[in-house]
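**Student:** The structure follows.
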Amino acid sequence: MSVVELIRAAGVVGAGGAGFPAHVKAGAAAEVVVANGAECEPLMHKDAELMAHHADRVVSGLLAVMSSCGAREGIIGLKAKHAEAVAALTKHAAGKPVRLHILGDFYPTGDEYVLVHETTGRLLPPGGIPPQVGVVVQNVETLFNVAAALAGEPVTRKFVTVAGAVAHPLSCAVPVGATLGELLEVAGGPTAAEVALLVGGALMGYVTRDLGEPVTKTTGGVIVLPADHPLVRRKERPEPAMHRLGKSACDQCSYCTELCPRFLLGYDVQPHRVMRSLGFTRQGEDFWSQYGLLCCECGLCTLYACPEDLYPREACQRAKRTAREKGLARPGKGTVSGTEEVRPHALHESRRVPLPQLVRRLALTAYDAPAPLAERAPVPRRVQLPLKQHIGAAAEPVVRVGDQVAAGQLVAEIPAGQLGARLHASISGVVRATEPRLVIEASGTA
């Protein structure tokens, strides 16, 4: 089997959060493959820990994707502060067409547009993707999974960080389908009487209080915070209330735009103009909304830049959602008008937001602690496997209720002719349900 076929067979998807089926990227033509080890979300450590302890597999996966894409160079983007990872990767990259690129400790270094520019000097076309400039980007955990796929090992486990208000912050590899509650248990339990969970990170993650929610192939980790933490309260505000506040209070100071990482690279993302759309309907709304179509949704504008604690990121999300519903096209090149070239802002480097400063602003300093890779991990007796853990169509079950399955066995297939990813059993046991989630219980479980 080819590298692409092995990756497809193993069900590898983008593990950094996007969930794009990795076999599709591995089939693209590229000059450079960039391994994304930026890990710029506050309190998250799983990528750094994975690189430090499994650098050999990360490099092996990178070389495999390079070979598949016909790339002449591999670049691993990571931060100097992750000294163990730098040392391990330097050792395993020696003598290979792979180099390390040390990134600044700012947010969001992991955004594809930012990362590609930082590591290669190339700028993506507005609304474009890395292969259009000869680059393929894969998260370092995705590359770890690619290396496993070459050995015939499907994706059944997920590296995650559990941090924040827990007794023992840690990173660990857990079976896909384990619950968030089981993650809290392995971290020693919460240290607050009532907590909320930020799944995926403090800025780009979402809030849940459902401890029964399953870990998926794209779950990067969980930040546990007291239920009354200001970050939780901000994120839990209903969307209509967010937009009412913006409509009534935005004074067009433009700080959200001046600190937007995509705007600073030269793209026509202007959240302050999108905020104007909240006061318009029909044609006026569409006009102002177009300035948010290239937003990467990093959250800096909402959670850092805005002096009035408004929600420009959410306004941009609304603008993109409305554009999709109306069938409005994203800008193909240049700015919104489609006439200007993309050139970085003269101050784009000096306006970067240092991660420690962001941590302070989000009131997370008390929780900013290491989360070392631990051997212990949940051993669930029951897992829930959503059939859609990736971009594309949901996987279709190939097992039935009552079937006995072994860990690593294929349980759901990609629908014929569609973009998707295979799904494999993460534990051995009996299939108890196939819809809406595939549920497996270990043998002997009542």
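The values are calculated or read from the model by the stated rules, or taken from the named source; none is laboratory data. Since this is a predicted model, take the numbers as computed values, not measurements. Cβ: placed from backbone, ideal geometry, glycine included. Neighbour counts: every protein chain shown.
**Student:** For Gln389, indicate whether it is without any contact (Cβ under 8 Å) to a residue 40 or more places away in the chain and closer than 18 Å to Ile7 by Cβ.
**Tutor:** It is false that Gln389 is without any contact (Cβ under 8 Å) to a residue 40 or more places away in the chain and closer than 18 Å to Ile7 by Cβ.
Here is a yes/no grid of residues against (1) over 23 Å from Ala38 (Cα atoms); (2) in a helix (DSSP H, G or I):
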residue	(1), (2)
Glu349	no, no
Pro356	no, yes
Pro370	no, no
Ala377	yes, no
Pro380	yes, no
Ala393	yes, no
Val399	yes, no
Gly408	yes, no
Glu435	yes, no
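**Student:** Looking for whichever is surrounded by fewer than 19 Cβ atoms within 10 Å (Cβ to Cβ), at pLDDT 95 or above and either assigned by TED's automatic domain parsing to the domain that holds Arg244 or touching a His at 6+ places or on another chain (Cβ under 8 Å) (or both) here; the options are Arg313, Arg330, Arg351. Which one fits?
**Tutor:** From the options Arg313, Arg330, Arg351, the qualifying one is Arg351.
**Student:** Select, from Gly127, Gly181, Gly164, the only residue that is at pLDDT 95 or above and at positive phi.
**Tutor:** Gly164
Rundown of residues vs (1) farther than 19 Å from Thr142 by Cβ; (2) among the β-branched types (Val, Ile, Thr), yes/no style:
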position	(1), (2)
Ser171	no, no
Leu198	yes, no
Leu211	yes, no
Thr218	no, yes
Val222	yes, yes
Leu225	yes, no
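**Student:** Consider Pro131 against the criteria (1) out of contact with any Ser or Thr (no Cβ under 8 Å at 6 or more places or on another chain); (2) part of a helix (DSSP H, G or I); (3) closer than 25 Å to Ala52 by Cα: it satisfies all of them except one. Which criterion is unmet?
**Tutor:** (3)
**Student:** Scan Thr156, Thr208 and give me the residue that is of a type outside the set (Phe, Trp, Tyr), surrounded by fewer than 18 Cβ atoms within 10 Å (Cβ to Cβ), touching a residue at least 24 places away in the same chain (Cβ under 8 Å) and on the phi < 0 side of the Ramachandran plot.
**Tutor:** That would be Thr208, the only listed residue that is of a type outside the set (Phe, Trp, Tyr), surrounded by fewer than 18 Cβ atoms within 10 Å (Cβ to Cβ), touching a residue at least 24 places away in the same chain (Cβ under 8 Å) and on the phi < 0 side of the Ramachandran plot.
**Student:** Further question on the same structure: So for the stretch 168-180 (the condition being in a helix (DSSP H, G or I), of a type outside the set (Gly, Ala, Ser), in contact with a strand residue (DSSP E or B) (Cβ under 9 Å, 6 or more places away or on another chain) and assigned by TED's automatic domain parsing to the domain that holds Thr191), does at least one residue qualify? Working first, answer last.
**Tutor:** Step one: filter the stretch 168-180 for residues in a helix (DSSP H, G or I), giving 180.
Restricting the remaining residues to those that are of a type outside the set (Gly, Ala, Ser) gives 180.
Now restrict to residues that are in contact with a strand residue (DSSP E or B) (Cβ under 9 Å, 6 or more places away or on another chain): 180.
When the remaining residues are screened for being assigned by TED's automatic domain parsing to the domain that holds Thr191, the result is 180.
Within the stretch 168-180, one or more residues are in a helix (DSSP H, G or I), of a type outside the set (Gly, Ala, Ser), in contact with a strand residue (DSSP E or B) (Cβ under 9 Å, 6 or more places away or on another chain) and assigned by TED's automatic domain parsing to the domain that holds Thr191.
**Student:** Here's another thing I want to ask about it. Give just the number: which of (1) in contact (Cβ under 8 Å) with a residue 12 or more places away in the chain; (2) in a loop (DSSP other than H, G, I, E, B); (3) out of contact with any helix residue (DSSP H, G or I) (no Cβ under 9 Å at 6 or more places or on another chain) does Val269 not satisfy?
**Tutor:** (3)
Listed here are the residues, each with its yes/no results for (1) assigned to a helix (DSSP H, G or I); (2) more than 25 Å from the chain's Cα centre (by Cα); (3) among the hydrophobic types (A, V, I, L, M, F, W, C); (4) within 19 Å of Leu124 (Cα to Cα).
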{"site": "Val274", "(1), (2), (3), (4)": "yes, no, yes, no"}
{"site": "Ser277", "(1), (2), (3), (4)": "yes, yes, no, no"}
{"site": "Asp286", "(1), (2), (3), (4)": "yes, yes, no, no"}
{"site": "Gln290", "(1), (2), (3), (4)": "yes, no, no, yes"}
{"site": "Pro307", "(1), (2), (3), (4)": "no, yes, no, no"}
{"site": "Cys316", "(1), (2), (3), (4)": "yes, no, yes, no"}
{"site": "Thr322", "(1), (2), (3), (4)": "yes, no, no, no"}
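**Student:** Within the stretch 410-433, track down each residue that is under 22 Å from Ala22 (Cα atoms) and not in a strand (DSSP E or B).
**Tutor:** So in the stretch 410-433, the residues under 22 Å from Ala22 (Cα atoms) come out as 410-426.
Ile414, Pro415, Ala416, Gly417, Gln418, Leu419, Gly420, Ala421, Arg422, Ala425, Ser426, listed by residue number.
**Student:** Looking at Ala163, is it in a helix (DSSP H, G or I) and touching a Ser or Thr at 6+ places or on another chain (Cβ under 9 Å)?
**Tutor:** No; evaluated as a whole, the condition is false for this residue.
**Student:** Filter the stretch 401-428 down to residues that are on the phi > 0 side of the Ramachandran plot and without any contact (Cβ under 8 Å) to a residue 40 or more places away in the chain and give me whichever is farthest from the chain's Cα centre (by Cα).
**Tutor:** Filtering the stretch 401-428 for residues that are on the phi > 0 side of the Ramachandran plot and without any contact (Cβ under 8 Å) to a residue 40 or more places away in the chain, the one farthest from the chain's Cα centre (by Cα) comes out as Gly402.
**Student:** So, one more: Could you list, ordered by first residue, the pairs with Cβ atoms under 8 Å in which the first is in the stretch 73-96 and within 16 Å of Asp56 (Cβ to Cβ) and the second is part of a loop (DSSP other than H, G, I, E, B) and among the acidic types (Asp, Glu), at least 6 apart or interchain?
**Tutor:** From the stretch 73-96, the pairs are Leu78/Glu39.
**Student:** Which condition number does Val135 fail, the rest of (1) modelled with pLDDT of 95 or more; (2) farther than 20 Å from Met204 by Cβ; (3) surrounded by fewer than 24 Cβ atoms within 10 Å (Cβ to Cβ) being met?
**Tutor:** (3) is the only condition that Val135 fails.
**Student:** Would a scan of the stretch 57-73 turn up a residue that is closer than 25 Å to Leu362 by Cβ and aliphatic (A, V, I, L, M)?
**Tutor:** No, because not a single residue in the stretch 57-73 is closer than 25 Å to Leu362 by Cβ and aliphatic (A, V, I, L, M).
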